[in-house]
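Input: a single structure, listed below in structure tokens.
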Amino acid sequence: MRKRIMTVMSRAEVVLLHPAGGYWELFRDAPNMPLNLLCAASQIYERYNVRIIDQRHGLGWRDDLKRAIGKDTICVGITTYTGPSIVGALSMCRMVRELTKAPIVWGGIHVSLMPWQSLDHPCVDMIVVGEGELAFSNLVDALATDRDTNGIPGVLTTKNIAIAHGQQLFLKMDELPPLPYELINVEKYLPSFRGSKTMNFQTSRGCPMRCGFCYNTVFNKSAWRAMSAPVVISRIKKTVLDHGINDILFVDDNFFVSFARANEIMAELASLGITWQSQGVDIDTLRRMPDDMLRLMMDSGCRRIAVGVESGSPRIRNMINKPGDKKMIVEQISRLREFNIIVHCTFMVGFPGETREEIMQTQDTVFSLMRANHNIRTPFIYQYVPFPGTKIYDLCVTQGFRPPTSLEAWNDFNVDDF
């Protein structure tokens, strides 16, 4: 089937929007790649004219939106997460309302966690919950042919909300089509890390860990699924060849669930002459990694991993279901010293019932890790924010927390002022 590649000035049948996400964007010299929208587009861009508009590139998005929307626009899709992206999403959708009567379809983490409340907003016509590629594709086909949208698995409207909710289907990642990078200007989405331009790459989804604060327990139902190593390497090779990439960030929630798969990928990366980073690994996984795997990690070009330590308090760690104590944490971070890999350790404070003494235990753990390994980086100690449906969120509610009662109010759910 012929691909219909968009030009800058052309109208689009499907317009996909990415809102700005608050001050976090200021810490990068370029926004992260909109993998969420590229995934949504991957199933439809060969059948429809698709346009991606990114609010993170500045005020020009308004003119881009005016040029993209026309009489042939079937629908407008937008992604968001719980927190400061919501206000940006609503500003984009209000402008859409002025330009077209085409339905506005919301997807992403927040509306998947809070579908009923989100559907009450006048800027929300339909919601795609969970993994959205197949559901969104089926929805676009139905809208394009004026067919009934009720009952499409993973699609919610005010009419079918009781029918379709919960019919989430996890997709087989090896069967997902390659991402249509031609829909964006890749050069605008390559933030720098230590002198290299970095491209985000996803090889797996979900995480089998059951951390009490994590959206994965709800959104992904603690299920992990992954591309096979040969598919990962094939797609990385094509990406490197097409775009001249020399550094990749694996944005998987937990890249190292399967040691055999990770080892196979790393062995191939060693021959590509590129560097790489991973944002997802936990202390207990590090504990189980043999030294030869860590050595392969270094030899294959790994420059940075991110480790979710979260807390140094034994009681808090037990409450949030994080295995290991301070002694084990320090031992594992110390073990990484000889491998010359930057280790970003993340922490949180402000859990329900957390005392000053417990916060100081976390602070003490931070300094202990910095003494144990000169490659440790702790850029932030985050403020805990309760995500709907998680174990600790429910605990917060029992202790008097009053959840927001509107879509707009969730915008204030962020690490600055919660």
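The values are calculated or read from the model by the stated rules, or taken from the named source; none is laboratory data. In this text the structure is predicted, and so the values were computed from the model without any measurement. Reconstructed Cβ throughout: ideal geometry from the backbone, glycine too, with neighbour counts over all protein chains shown. In case anyone asks, the SASA skips ligands and DNA or RNA and just uses the protein heavy atoms, side chains included. Shrake-Rupley method; radii C 1.70, N 1.55, O 1.52, S 1.80 Å.
Mind jotting down the distance between the C-alpha centroids of the stretch 55-74 and the stretch 369-418, whole Å?
33
Could you give the nm distance between label points at Ala223 and Trp116, where each point is 7 Å from its Cα heading toward the beta carbon?
My value for the distance between the label points is 2.3 nm.
Which length gain, in nm to one decimal place, applies between Asn185 and Thr145 when the Cα-Cα distance is subtracted from 0.36 nm times their residue separation?
Length gained, Asn185 through Thr145: 11.3 nm.
Name the aspartates and glutamates eligible as straight-distance cross-link partners of Lys172: C-alpha to C-alpha under 14 Å, and not fewer than 8 places from it in the same chain.
Glu131, Glu133
Which value, in debye to the nearest 20, gives the size of the charge dipole of the chain about its Cα centre, when Lys and Arg are +1 and Asp and Glu are -1 at the Cβ?
On the way: 46 positive and 44 negative charges, 70 e Å.
For the chain, the charge dipole is close to 340 debye.
Mind jotting down the distance between the C-alpha centroids of the stretch 104-135 and the stretch 267-329, whole Å?
If you average the Cα positions of each part, the centres end up 33 Å apart.
How much net charge surrounds Gln202 when only the other residues with a Cβ under 11 Å from the Cβ of Gln202 are counted, with Lys and Arg +1 and Asp and Glu -1?
Here the charged neighbours net out to 0.
How would you order 44-51, 203-210 from highest to lowest mean count of nearby Cβ atoms within 10 Å?
The peptides rank, most packed first, as 44-51, 203-210.
Amide H to amide H, which residues 5 or more places from Asp253 or on other chains are under 5 Å from it, using H placed in the peptide plane?
HN-HN under 5 Å from Asp253: Gly206.
Which sequence of Lys326, Lys172 reflects their accessible areas, 1.4 Å probe, from the largest down? Each step should come with its number before you reach the end.
Numbers: Lys326 70, Lys172 140 Å².
The residues order as Lys172, Lys326, largest area first.
Mean residue ellipticity at 222 nm from the helices of the chain, using -39,500 (n - 2.57) per DSSP H segment of n ≥ 4 over the full residue count, to the nearest 500 deg cm²/dmol?
It comes out at -9500 deg cm²/dmol, rounded to the nearest 500.
Would you calculate the separation in nanometres between label points at Phe367 and Asp325, each defined as 7 Å from the Cα along the Cα-to-beta-carbon direction?
About 2.1 nm, to one decimal.
Starting from the Cα of Arg287, step 7 Å toward the Cβ, then list every residue of the stretch 301-332 with an amide N under 11 Å from that point.
Residues passing the 11 Å test: 322-332.
Determine the gain in length on full extension of the stretch Asn375-Thr355; use 0.36 nm per residue of separation and subtract their C-alpha separation, reporting nm with one decimal.
Details: separation 20, 0.36 × 20 = 7.20 nm, distance 2.96 nm.
Length gained between Asn375 and Thr355: 4.2 nm.
Would you mind getting me the FRET efficiency between Asp72 and Thr346? Use the beta-carbon distance for r and R0 = 41 Å, nearest 0.05.
Efficiency, rounded to the nearest 0.05: 0.35.
Please tell me which of these pairs span more than 30 angstrom C-alpha to C-alpha: Lys101/Lys197; Lys327/Lys391; Lys101/Lys391?
Lys101/Lys197; Lys101/Lys391
What percent does the relative contact order of the stretch 266-418 come to when contacts are Cα pairs within less than 8 Å and at least six residues apart?
21
Between Gln383 and Ala30, what is 0.36 nm times their sequence separation minus the Cα-Cα distance? Round to one decimal in nm.
So the extension gain works out to 124.6 nm.
Work out the length of the dipole vector of the stretch 182-308 about its Cα centre, built from +1 on the beta-carbon of each Lys and Arg and -1 on the beta-carbon of each Asp and Glu, and round it to the nearest 20 debye.
Its charge dipole is roughly 220 debye.
Could you tell me the distance between the Cα centroids of the stretch 21-52 and the stretch 195-233, to the nearest Å?
Comparing the Cα centres of the stretch 21-52 and the stretch 195-233, I get a distance of 17 Å.
Return one quarter of the surface area of the convex hull spanned by the alpha-carbon atoms of the stretch 123-275, equal to its mean projected area, in nm². Before the final figure, lay out each step's value.
Numbers: hull surface 46.8 nm².
Computing the convex hull of the Cα atoms and averaging its projections yields 11.7 nm².
When DSSP beta bridges are limited to those with both residues in the chain, what percentage is antiparallel, rounded to the nearest 5?
Antiparallel bridges: around 15 percent, rounded to the nearest 5.
Under 4.7 Å Cβ to Cβ, no partner at all: give me those cysteines from the chain, in residue order.
Cys39, Cys75, Cys207, Cys302, Cys345, Cys396
Under a Cβ-Cβ cut-off of 15 Å, what is the net charge of the residues other than Thr100 that fall near it, where Lys and Arg count +1 and Asp and Glu count -1?
After counting each charged neighbour, the total is +4.
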